[in-house]
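Peer 1: Can you read through this structure? Questions will come right after.
The values are calculated or read from the model by the stated rules, or taken from the named source; none is laboratory data. Model, not experiment: these values are computed from the prediction. No Cβ is skipped: glycine too gets one built from the backbone with ideal geometry, and neighbour counts run over all protein chains shown. Just the protein is used for accessible areas: all its heavy atoms, side chains included, with ligands, DNA and RNA removed. Shrake-Rupley method; radii C 1.70, N 1.55, O 1.52, S 1.80 Å.
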Amino acid sequence: MSSATFTYEPVGATRDDLTFCPPGFHPMLVRTRLGEGQEVFQRAAEAVLTWEMHRALGVGIDAGADRAAPGADVTVTLAGVIRAPCRIIWTAEEHRRAGWAYGTLEGHPECGEEAFVVDRTGDGTVWLTVAAFSKAAKWYARAGGPATRGLQHAYARRCGAVLRKLCGSLPEA
């Protein structure tokens, strides 16, 4: 873990409420149906927890751990140019829920928290939820205004599409 500090409060707010958004931040909640059954859930959970989903997106991931773990520092690199340092705040590995959230550190173009959670509902349907609250921290993120938020939503939808593809070879139960 580096000595970099979080750039926002309240750190960890997405743990219990993926819809939480503090004043002055922009909310994001994107849910994608991945399939059905325990095998799909396990495959999706593993892909999220081990960075496989992010790497399959084509973003650079420099992680301080092979698996998401609280306190691990992660730097996401977009287009080989934009570096976004983060720290894992919480993880979940439960019977029907798995995932993690990171908080932004100094140097990230945005300020806030983002969670990637796979859950299996009572009817067996498996979902990916990408939830965040954020606001611009760097000049270029501020200059992008609504377009920056549009890119965040597109990224979240792409996470779902990529994860669905990673789980696509599994039969639905």
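Peer 1: Using a 1.4 angstrom probe and counting only protein chains, how large is the accessible area of Lys135 in Å², to 10?
Peer 2: About 80 Å², ignoring ligands and nucleic acids.
Peer 1: Round to the nearest 10 and give me the degree value, 0 to 90, for the angle of helix 38-49's Cα axis relative to the longest principal axis of the chain.
Peer 2: Long axis of 38-49 versus the principal axis of the chain: about 20 degrees.
Peer 1: At each listed q (0.10, 0.11 Å⁻¹), what is the log10 of I(q)/I(0) that the Debye formula gives for the chain modelled as equal alpha-carbon point scatterers?
Peer 2: The calculated log intensity ratios at q = 0.10, 0.11 Å⁻¹ are -0.35, -0.42.
Peer 1: Please calculate the 1.4 Å probe accessible area of Ser134, with all protein chains present, and give it to the nearest 10 Å².
Peer 2: Ser134 has an accessible surface of roughly 10 Å² with all protein chains in place.
Peer 1: Relative contact order for region 58-124: what is it in percent, counting Cα pairs under 8 Å that are at least 6 residues apart?
Peer 2: Details: 135 pairs, mean separation 15.1, N = 67.
So the answer I get is 23 percent.
Peer 1: Here's something else I'd like to know. Would you rank Ile88, Ile61, Ile82 by solvent-accessible area, highest first, keeping every protein chain in place and using a 1.4 Å probe? Intermediate values should be presented prior to the final figure.
Peer 2: Numbers: Ile88 5, Ile61 25, Ile82 60 Å².
From most exposed to least exposed: Ile82, Ile61, Ile88.
Peer 1: Same structure, new question: Give, in whole angstrom and from largest to smallest, the semi-axes √(5λ) of the equivalent ellipsoid of region 1-84, with λ running over the eigenvalues of the Cα gyration tensor. Please report the intermediate quantities before stating the final value.
Peer 2: Values: eigenvalues 106, 79, 40 Å².
Whole-Å semi-axes of the equivalent ellipsoid: 23, 20, 14.
Peer 1: Further question: Kindly give the semi-axes, whole Å and largest first, of the ellipsoid equivalent to region 36-129, taking each as the square root of 5 times a Cα gyration tensor eigenvalue. It would help to have the intermediate numbers written out before the result.
Peer 2: Values: eigenvalues 126, 35, 24 Å².
Working from the Cα gyration tensor, I get semi-axes of 25, 13, 11 Å.
Peer 1: Further question: Report the trypsin sites (Lys or Arg not before Pro) located in region 88-120 that are in a DSSP loop and have at most 16 other Cβ atoms inside 10 Å of their Cβ, or state none. Spell out each step's value before the answer.
Peer 2: Working: sites: Arg96, Arg97, Arg120; in loops: Arg96.
Sparse-neighbourhood loop trypsin sites (Lys or Arg not before Pro): Arg96.
Peer 1: Taking the 0 to 90 degree range and rounding to the nearest ten, how far is the long axis of helix 146-167 tilted relative to the main principal axis of the chain, both from C-alpha atoms?
Peer 2: Rounded to the nearest ten degrees, it is 30.
Peer 1: Sticking with this one: Taking region 1-38, which trypsin sites (Lys or Arg not before Pro) meet the DSSP loop condition and have no more than 11 other C-beta atoms within 10 Å?
Peer 2: Details: sites: Arg15, Arg31, Arg33; in loops: Arg15.
Taking region 1-38 and a limit of 11 other Cβ atoms within 10 Å, no loop trypsin sites (Lys or Arg not before Pro) are found.
Peer 1: While we're on this one: Which residues make up the longest stretch of the chain clear of GluC sites (Glu not before Pro) that lie in a DSSP loop with no more than 14 other Cβ atoms within 10 Å, not counting the sites? It would help to have the intermediate numbers written out before the result.
Peer 2: Values: sites that count: Glu94, Glu106, Glu172.
Answer - 1-93.
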